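Peer 1: Would you mind keeping the following structure in view while I ask a few things?
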Amino acid sequence: MISKIKYGALLIALVIMTGCSEDDEKLTVAVEDAPLLAELDINRVALDQTNPGNPAVTISWNKASYGLPTLVNYVVEFATEDTFTTPITAVSTTNTEATISVSALNNTANDLGFVPFEWQQAFIRIKSSIGTQASNVSYSEPIEIMINPYFSYPFDDYYLVGAATAPGWNNDQNNPLLFRNAFNENEYSYTGRFLADAFKILANRGQWAPQYGQDGGTLVLRATDDDPDPPVFSSTSEGYQKFTVNFSTGSFTLTDVPNVGAPFTSVSLDGNAGSSASLTALDFDPHIWYIRSTPLEAGSVTFLANGSTTYGGSSEFSGVSVVDGVSIPVPVKDNYEIWFNDITGDYAMIPLNFSK
């Protein structure tokens, strides 16, 4: 005999089965109202590099409607045209307002390819979606904004210190610059004279931290003055060597460089970005040339060696120059620290007022 409880459960199951079919409508969520983007209080923004953390612009919009209560994801997008062929994401949020800082808006302008210190037009729109898969996408109508961005030097620079190198253990004695690989921002090298002794890497002249040493063949960072000193790098013989380091992988090498020729007798700048400023060779190593500060206009330069041979390269800020190479681009007017290696053709040009 079937109990009353089991019979009741069976009856309910039959009702459910007979009451449902594959043709029944499924519950769906659809966009009813796209987000409505409010006009900006200020639609011309001149970005000030001296206050990168200050608010630059606040963007607000009405909530998108999907017919049912659901969490809505929003993305603030920028583009150079109102069709948003290649949009740049500035903010992702679940709120209906976003404040973008000066540095963040400047980074967005850089991503858009804007020229520093010129007024340029951008478009803003809001992209809404729901769920972890960002489904049911809708867009607001775009609004316009004019932006005057500043130049932002995006790279880190590093310097040698130690008894094996030109400045000895003085952390602020014209410490020579490591040359950054123009095609790998994590890789740096220095080809020059080393004594048979120890050395380290500094992130800033005049400061002992951050600094890098090594332990067991891997880079070790001393981030602050309170951290312990890492073991040193070691040069086992005096002579010309190439030191290469990758700050991403932590790897480094120090290899001999044979058959180094005579140094240049002179190196100077030539080109429409600056006058014929002369570089100075290190006393410790006459193959390494430098200017700690010289004014340059936006334009291009080459290096003039021995008064007659032109060296140029195609990449801005750092690269490897070759004889009769193209002019080196100078993207922004500033005072530059410049280094040149006449063994390898490596060059580095640091805009002093825009570097970290």
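Peer 1: So in region 299-326, with the set limited to residues that are open to solvent by 60 Å² or more (accessible area, probe 1.4 Å) and not in a strand (DSSP E or B), which one is nearest to Tyr150 (Cα to Cα)?
Peer 2: Glu316
Peer 1: Within region 344-353, which residues are crowded, with 18+ Cβ neighbours inside 10 Å and either hydrophobic (A, V, I, L, M, F, W, C) or assigned to a strand (DSSP E or B) (or both)?
Peer 2: If the condition is that a residue be crowded, with 18+ Cβ neighbours inside 10 Å and either hydrophobic (A, V, I, L, M, F, W, C) or assigned to a strand (DSSP E or B) (or both), then Asp346, Tyr347, Ala348, Met349, Ile350, Pro351 are the ones that fit.
Peer 1: I've got another one for you. When you go through (1) open to solvent by 50 Å² or more (accessible area, probe 1.4 Å); (2) in a loop (DSSP other than H, G, I, E, B) one by one for Asn335, which number turns out not to apply?
Peer 2: For Asn335, the failing item is (2).
Peer 1: Kindly provide the set of residues from region 44-73 that are more than 22 Å from Ser92 (Cβ to Cβ) and among the hydroxyl-bearing types (Ser, Thr, Tyr), ordered by number.
Peer 2: The answer is Thr50, and nothing else.
Peer 1: Name the residue that is most open to solvent (accessible area, probe 1.4 Å), counting only residues in region 167-192 that are touching an Asp or Glu at 6+ places or on another chain (Cβ under 9 Å) and not in a strand (DSSP E or B).
Peer 2: Across region 167-192, the extreme among qualifying residues is Ala182.
Peer 1: When you check Pro55 against the structure, is it touching a residue at least 60 places away in the same chain (Cβ under 8 Å) and over 30 Å from Lys200 (Cβ atoms), yes or no?
Peer 2: Taking the combined requirement at face value, the residue does not satisfy it.
Peer 1: I need the full set of residues from region 224-268 which are open to solvent by less than 50 Å² (accessible area, probe 1.4 Å), of a type in the set (A, V, I, L, M) and either free of Cβ contacts under 8 Å to residues at least 60 places away in the same chain or farther than 19 Å from Asp197 by Cβ (or both), in order please.
Peer 2: Passing the criteria: Val260, Val267.
Peer 1: Continuing with the same structure: Mind listing whichever residues of region 193-222 are assigned to a loop (DSSP other than H, G, I, E, B) and closer than 19 Å to Asn175 by Cα?
Peer 2: Within region 193-222, Leu195, Ala196, Asp197, Ala203, Asn204, Arg205, Gly206, Gln207, Trp208, Ala209, Pro210 qualify.
Peer 1: Additional query: Looking at Pro154, is it modelled with pLDDT under 95 and on the phi < 0 side of the Ramachandran plot?
Peer 2: When the stated conditions are applied, Pro154 passes them.
Peer 1: Restricting to region 266-285, name every residue that is assigned to a loop (DSSP other than H, G, I, E, B) and either under 20 Å from Ala166 (Cβ atoms) or touching a strand residue (DSSP E or B) at 6+ places or on another chain (Cβ under 6 Å) (or both).
Peer 2: Once the filter is applied, which keeps residues that are assigned to a loop (DSSP other than H, G, I, E, B) and either under 20 Å from Ala166 (Cβ atoms) or touching a strand residue (DSSP E or B) at 6+ places or on another chain (Cβ under 6 Å) (or both), region 266-285 yields Ser266, Gly271, Asn272, Ala273, Gly274, Ser276, Ala277, Leu279, Leu282, Asp283, Phe284, Asp285.
Peer 1: Looking at region 136-152, which of its residues are open to solvent by 30 Å² or more (accessible area, probe 1.4 Å), within 30 Å of Gly67 (Cα to Cα) and in a loop (DSSP other than H, G, I, E, B)?
Peer 2: Glu141, Pro142
Peer 1: Determine which single condition Lys127 fails, assuming it passes every other condition in (1) at pLDDT below 95; (2) open to solvent by 50 Å² or more (accessible area, probe 1.4 Å).
Peer 2: (1)
The values are calculated or read from the model by the stated rules, or taken from the named source; none is laboratory data. Keep in mind that what you see is a predicted model, and the values were worked out from it rather than measured. All Cβ positions, glycine included, derive from the backbone under ideal geometry; neighbour counts span all protein chains shown. Side chains are part of the model used for accessible areas, which takes the heavy atoms of the whole protein and leaves out ligands, DNA and RNA. Shrake-Rupley method; radii C 1.70, N 1.55, O 1.52, S 1.80 Å.
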